[in-house]
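What follows is one structure encoded as structure tokens, with my remarks underneath.
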Amino acid sequence: MSGSPRLTERAAWHRASVEWFSELFGPEDHATVVLRDRGAQGGVVQRTRAVGYWCHPAGQRMLRQANDAGSDVFCSVNPMEPGSSRSVAEVRRLQLDFDAEGDQRIGTLMRDVRAGQVPMPAVVVRSSVGRWQVLWHVDPAAWTRAGAEEVNRRLAAAYEADPAVVDVTRVMRVPGFVNRKPGRGGVRVAQVARHVYDRSGVGSQWWEPRAFRSVMPPRRVSVPARVQRSPSAGAAPTRRYLYGRIVPASQSEADWAQVVDALRAGESPGVLIQELAEFREDKSNPRDYAERTVVRACRSLGLEEPRTEYGRRHPPPAMDVAR
């Protein structure tokens, strides 16, 4: 005797939810789940817990009951610090949310993906009819929060996605639950099988910033070309003028001067770190060098510094308050 079709369907959607959590996180990671009540009472419930709980039958039962009672189910796509809904443990995803004219716009994105202009997504989710969520896995060691949000912003602009979906703490809909937003038809959120759009399997890669160069427009103030040395042996590097003053002769000093000018011009510290790390591949540890240069420049200018491994190891000195 076959089981109830309704029970079989619910089991499939339960499995879809667990598989989604398992693909994005490890069991010890923490994720923030947001439940938004669409009923007369309204209200939002927000909880940050270990992903093992959200995959456990007790956690899944709580989510299903809330969804059945009229709440939408959202979750962060990056792991969070335990007990926090605003502090990301590390950046692992970029995201796009296609809402208006979603079918047409995701079609444009996928054409560029097939043309090699943009990396293949790791996750594509159908949030309702004509609406889509797209996620890329990215290498946590290569991204800062500021850099990821800058690329999210430029991806959204390039493909006319929701411009509000740029923050790395942003929550997205979870597959397996019904979309309760008015006007969405009560459609169940579904993850698209990867082989449908990614037969080569490249979407499982963890991308570095250079993979998204096509969406990075020319910089207002660029990191300089390398200082050229004179052909004569032992000759000093050529000095150049920049904004009416002399750029110091050494390459590191030139990097510093350009980073300071770029920050004053409003450039994103996260983007500068990524570009300087690529530019100074001659360094033994380009990433550390870039973080050190940009963080120190931010501190010297009194600007908010990006979250970096260098900043964590070398916090700013405590202010000496006169008694």
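The values are calculated or read from the model by the stated rules, or taken from the named source; none is laboratory data. Keep in mind that this is a model prediction, so the values were computed, not measured. With ideal geometry, Cβ positions are generated from the backbone for all residues, glycine too; neighbour counts draw on all protein chains shown.
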Need at least 3 residues that are in contact (Cβ under 8 Å) with a residue 60 or more places away in the chain per element, so show me which helices (runs of 4 or more DSSP H) inside segment 251-302 make the cut, counting only ones lying wholly within it. 269-279
Does residue 144 qualify as being closer than 24 Å to residue 307 by Cα, at pLDDT 90 or above and of a type in the set (S, T, N, Q)? no
Sort out which residues of segment 174-195 are part of a loop (DSSP other than H, G, I, E, B), charged (D, E, K, R) and either modelled with pLDDT of 90 or more or not assigned by TED's automatic domain parsing to the domain that holds residue 71 (or both), and write them in order of number. 180, 181
Being within 19 Å of the chain's Cα centre (by Cα) and surrounded by fewer than 20 Cβ atoms within 10 Å (Cβ to Cβ) narrows 76, 85 down to just 85
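To keep it simple, each residue is scored yes or no on (1) surrounded by 16 or more Cβ atoms within 10 Å (Cβ to Cβ); (2) touching a strand residue (DSSP E or B) at 6+ places or on another chain (Cβ under 6 Å); (3) under 30 Å from residue 273 (Cβ atoms).
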site	(1), (2), (3)
129	no, no, no
141	no, no, yes
149	yes, no, yes
167	yes, no, yes
175	yes, yes, no
179	yes, yes, no
183	no, no, no
Can you pull out the strands (runs of 3 or more DSSP E) entirely within segment 1-113 that have at least 2 residues that are within 28 Å of residue 162 (Cβ to Cβ), β-branched (Val, Ile, Thr) and in contact with a strand residue (DSSP E or B) (Cβ under 9 Å, 6 or more places away or on another chain)? 30-37, 44-50
If you take the residues in segment 294-306 that are of a type in the set (A, V, I, L, M) and within 18 Å of residue 148 (Cβ to Cβ), which one is surrounded by the fewest Cβ atoms within 10 Å (Cβ to Cβ)? 295
Selection within segment 132-187 - among the β-branched types (Val, Ile, Thr) and either touching a Phe, Trp or Tyr at 6+ places or on another chain (Cβ under 8 Å) or at positive phi (or both): 134, 138, 151, 171, 174
What is the residue count in segment 197-216 for residues that are part of a helix (DSSP H, G or I) and in contact (Cβ under 8 Å) with a residue 24 or more places away in the chain? 10
Test: residue 291 is surrounded by 14 or more Cβ atoms within 10 Å (Cβ to Cβ) and not assigned by TED's automatic domain parsing to the domain that holds residue 88: yes
